1. What figure, in Å² to the nearest 10, do you get for the accessible area of B:TYR59 with a 1.4 Å probe and non-protein molecules left out?
2. For chain A, what is the accessible area per residue in Å², given a 1.4 Å probe and the full set of protein chains?
3. Just counting partner chain Cβ atoms within 10 Å, what average do the residues of peptide B:24-36 show around their Cβ?
4. To the nearest 20 debye, what charge dipole does chain B have about its Cα centre, counting +1 at the Cβ of each Lys and Arg and -1 at the Cβ of each Asp and Glu?
5. Please compute the net charge surrounding D:GLU42, taking Lys and Arg as +1 and Asp and Glu as -1 over other residues with Cβ under 12 Å from its Cβ.
6. Tell me the relative contact order for the stretch B:18-94 as a rounded percent, counting alpha carbon contacts under 8 Å between residues six or more apart.
7. Tell me the mean residue ellipticity at 222 nm calculated for the protein assembly as shown from its helices only (DSSP H runs of n ≥ 4, each -39500 (n - 2.57), averaged over every residue, nearest 500).
8. For label points placed 7 Å from Cα toward Cβ, what is the shortest-first list of nm distances from D:ARG79 to its copies?
Number of protein chains: 4
Amino acid sequence: MNLRVRFAETDQMGVAHHGAYVVWFEAARVEWMRERGLSYRELEASGLSMAVKEVTIRYRKAAYFDDLLRIDCAMTELRSRHAAFRYRLTGPGGRTVADGHTTHVPTDRSGRAVRLPAVWAEALVGHVEPMPDRPSGDAA
Amino acid sequence: MNLRVRFAETDQMGVAHHGAYVVWFEAARVEWMRERGLSYRELEASGLSMAVKEVTIRYRKAAYFDDLLRIDCAMTELRSRHAAFRYRLTGPGGRTVADGHTTHVPTDRSGRAVRLPAVWAEALVGHVEPMPDRPSGDAA
Amino acid sequence: MNLRVRFAETDQMGVAHHGAYVVWFEAARVEWMRERGLSYRELEASGLSMAVKEVTIRYRKAAYFDDLLRIDCAMTELRSRHAAFRYRLTGPGGRTVADGHTTHVPTDRSGRAVRLPAVWAEALVGHVEPMPDRPSGDAA
Amino acid sequence: MNLRVRFAETDQMGVAHHGAYVVWFEAARVEWMRERGLSYRELEASGLSMAVKEVTIRYRKAAYFDDLLRIDCAMTELRSRHAAFRYRLTGPGGRTVADGHTTHVPTDRSGRAVRLPAVWAEALVGHVEPMPDRPSGDAA
């Protein structure tokens, strides 16, 4: 997916605040599902969440207000009680802005860890994939 | 209540972003209740929310990273389906940073407007008050 | 412009938090300029900001996670030291989610109010317009 | 430092959104400096920033609206072009809510990596320390 850096996402260093990236990764997961005909909204409506257990982000180059960023996202693991995603954030000119990964555990409405329901496991399992190859010219 | 301007709340103009004030006003409402022996958390746990219907903020002077701000908050109206709060935000040296008001409607868990339950109406009604007098030396 | 409600923008009431709307209005101003061949990024790079002096938002109907919202935005006033914008936020099915307005003052890098430079005044003045007509079927 | 979970920091899962933790860690770094007689504000005013290069957060237990959280923070490494911090977030009843770490590089106003100026290196170096021992009874 692509997104614009919002003014509200900048900080007084004149760059996108490092906290915004967590929100962008989350938005990328939602779009990743939509592109595969799945809906995180429906998953939530069914009483299931994919609670975040770990986030790691490596900041490579700054992102600036109004930059159009591309986020490549891939689900790298899926088990009944665990999922993992990887991300690469690319800025204007193809520079790698950041990369990172998240891990998740399926939870019910009360926040308790549960097994991923079969209907979702079947819908997701075919989409496990390695991270897309780096775009050529990317030196990071 | 007092609060520190967080780094994440600044923007590339080098000041606290105007969106942060909405969050600060909300935090001030929660503390306003706590100071009166009431709990917004319990109100929410009982299935009630005080949904925001209108926000107005007038920005007077900038607030900067790490500024210690004081928020004075008062509930100025309370009816069965309506409440109103006023706010004044004061920065270092007593300068008025912003003022504003919000209006609210009691809603149930499904977001439907409801009458404020008697137990909450009785707990709150004695606290309706005009805005505190301006601190002396406040020129705004 | 259109935007998706992000998961991070929801709150425990299960709706988009009222503070997110301030950020959306700001994003809409930036796109409003871009659609007219202007760049808020360049305006900022030239040392000028359009500091927010007042925000008013009226919340009509809740917005939900993953809703695709449309923001109509119009610059309703432009003077050498003042600008005003109006906004209408429309949700799925054409429901009016919110409307509001903001006022602004041109400031320099130190945050001091300045006259809008002629180059920007000339670029903007032709775009002063009333709010777009309501879409038909909008009952709010 | 201690902080309250703000309503705006919750999401529709009914817990503090995982993105808020990044902001809390940052606030903890600022308070860590203040407790040692140092000022991140002055560091910024001198033209220096401690840009974030990496963030890792492990989420253990949910944090809820209005929870009073304690953040323990320690600077675990300091070199001329690198600093590292560790964090532990503790909730009501002493439960470990999250832990994590960040790494940083000193940068100048243009965002270029620089050597940490001697005045700051000398002020900080005595404060390198391991993470505080876990509170007893912490099972995480």
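1. Counting only protein heavy atoms, the figure is 20 Å².
2. On the way: 5930 Å² over 140 residues.
Result: 42 Å² per residue.
3. Numbers: counts 3, 2, 7, 5, 0, 1, 5, 1, 0, 0, 2, 0, 0.
For this peptide, the per-residue mean of nearby foreign Cβ atoms is 2.
4. On the way: 20 positive and 18 negative charges, 49 e Å.
Roughly 240 debye for chain B.
5. Numbers: positive: D:ARG34, D:ARG41; negative: B:ASP66, D:GLU44.
Residues near D:GLU42 contribute 0 overall.
6. On the way: 55 pairs, mean separation 20.0, N = 77.
For the stretch B:18-94, the relative contact order is 26 percent.
7. Details: 12 runs with 120 residues, N = 560.
The helix contribution divided over the protein assembly as shown gives -6500 deg cm²/dmol.
8. 3.4, 5.9, 6.7
The values are calculated or read from the model by the stated rules, or taken from the named source; none is laboratory data. Only a predicted model underlies this, so the values are computations on that prediction, with no experimental measurement involved. So basically every Cβ, Gly included, is an ideal-geometry build from the backbone, and we count neighbours across all protein chains shown. For accessibility, only protein heavy atoms count, side chains too; no ligands or nucleic acids. Shrake-Rupley method; radii C 1.70, N 1.55, O 1.52, S 1.80 Å.
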